[in-house]
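S.K.: I'd like to ask you about the structure that follows.
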């Protein structure tokens, strides 16, 4: 179902009210599709009606460290599906879903430093809606496909590939990279990852087109 963020917020709240338990909403899309911006806007909409009802779990917090990626020979492909701790992410989702702890601390990816900061965000028991976003949450391949039962609602962001390219170019330029390095990162890593997401993601309950 195509949806605006306002309609999505209403649907999430209705689902949460019917479930009468903690609800996990997964938002997926290729790099550059606007997942982080969209999930933050959705979080603001939900919390505007009831402060503290929602919190965000970013998948990017489960990036492998650069040192480990270098050992594995995968540093140049950082951000590809096999460069994340999927098991650690799934474990956190299960802890959040069971909601039997006073709080759960989760990692957050620091894009300026290109590293994950462990235990950087605390999600208390009182939070009823968990919004989680990432590139690969709807992949049809294991181990990512094993995450699907942990989500109560799923959202896919669809963005034309030319817009993705423009946004990804702009993202790396903001970090002051020279043009040849921007081109290398986008053409050899970001866009291949984006095409993989587009070609291998399953359906979602809601679709946001940008």
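Values quoted throughout were computed directly from the atomic coordinates according to the rules given, and no laboratory measurement underlies them. Remember, predicted model here, so these are calculated numbers, not experimental data. Ideal geometry is used to build each Cβ from the backbone, glycine not excepted, and the neighbour counts take in all protein chains shown.
S.K.: Take the Cα pairs of the stretch 34-155, get the Kirkwood Rh, then feed it into Stokes-Einstein at 25 °C and 0.890 mPa s and tell me D in µm²/s.
M.R.: On the way: Rh = 15.2 Å.
Taking Rh from Cα pairs, D becomes 161 µm²/s.
S.K.: Sorted by packing (mean other beta-carbon atoms within 10 Å per residue), highest first, where do 61-69, 43-51 land?
M.R.: Details: 61-69: 16.9, 43-51: 14.3.
Packing proxy ranking, top to bottom: 61-69, 43-51.
S.K.: To continue, here is another question. Could the peptides 125-131, 29-35, 80-86 be put in order, highest first, of the mean number of other beta-carbon atoms found within 10 Å of their residues?
M.R.: Result, highest mean first: 29-35, 125-131, 80-86.
S.K.: Based on the Cα atoms of the stretch 26-83, what semi-axes does the equivalent ellipsoid have, where each is the square root of 5 times one gyration tensor eigenvalue, given in whole Å with the largest first?
M.R.: Computed over the stretch 26-83, the values are 31, 12, 7 Å.
S.K.: When each pair of different Cα atoms in the stretch 146-210 is counted once in the 1/r mean, what is the Kirkwood radius in angstroms, to one decimal?
M.R.: The answer is 13.5 Å.
S.K.: Cα axis of helix 161-174 to longest principal axis of the chain: angle in degrees, 0 to 90, nearest 10?
M.R.: Roughly 80 degrees between the two axes.
S.K.: Moving on to the next point. Helix 5-19: angle to the longest alpha-carbon principal axis of the chain, degrees 0 to 90, nearest 10?
M.R.: 50
S.K.: Decide, for the stretch 97-210, between rounded, prolate and oblate: order the square roots of the alpha carbon gyration tensor eigenvalues as a ≥ b ≥ c, take rounded if a/c falls under 1.5, and otherwise choose prolate if a/b is larger than b/c, else oblate.
M.R.: oblate
S.K.: In what sequence, highest mean first, do 171-181, 4-14 appear when ranked by Cβ atoms within 10 angstrom?
M.R.: Listed from highest to lowest mean packing, they are 4-14, 171-181.
S.K.: Write down, largest first, the equivalent ellipsoid semi-axes of the chain in whole Å, where each equals the square root of 5 times an eigenvalue of the alpha-carbon gyration tensor. Spell out each step's value before the answer.
M.R.: On the way: eigenvalues 155, 78, 50 Å².
After diagonalising the Cα gyration tensor, the semi-axes are 28, 20, 16 Å.
S.K.: At q = 0.15, 0.20, 0.26, 0.29 Å⁻¹, what is the base-10 log of I(q)/I(0) for the stretch 58-120 according to the Debye formula with one equal point scatterer per Cα and no solvent? Please give it to two decimals.
M.R.: -0.48, -0.77, -1.11, -1.26
S.K.: Continuing with this model, one more query. Based on alpha-carbon atoms only, what is the radius of gyration of the stretch 92-141 relative to the globular estimate 2.2 N^0.38 Å?
M.R.: Values: Rg = 12.7 Å, N = 50, 2.2 N^0.38 = 9.7 Å.
Relative to the 2.2 N^0.38 Å estimate, the stretch 92-141 comes out at 1.30.
S.K.: Taking a ≥ b ≥ c as the square roots of the eigenvalues of the Cα gyration tensor of the stretch 133-182, is the shape rounded (a/c under 1.5), prolate (a/b larger than b/c) or oblate?
M.R.: prolate
S.K.: Compute the acute angle (0 to 90°) between the alpha-carbon long axis of helix 35-49 and the principal axis of greatest extent of the alpha-carbon atoms of the chain; round to the nearest 10°.
M.R.: Approximately 20 degrees, to the nearest ten.
S.K.: Kindly put 27, 59 in sequence by how many other C-beta atoms sit within 10 Å of each C-beta, fewest to most.
M.R.: 59, 27
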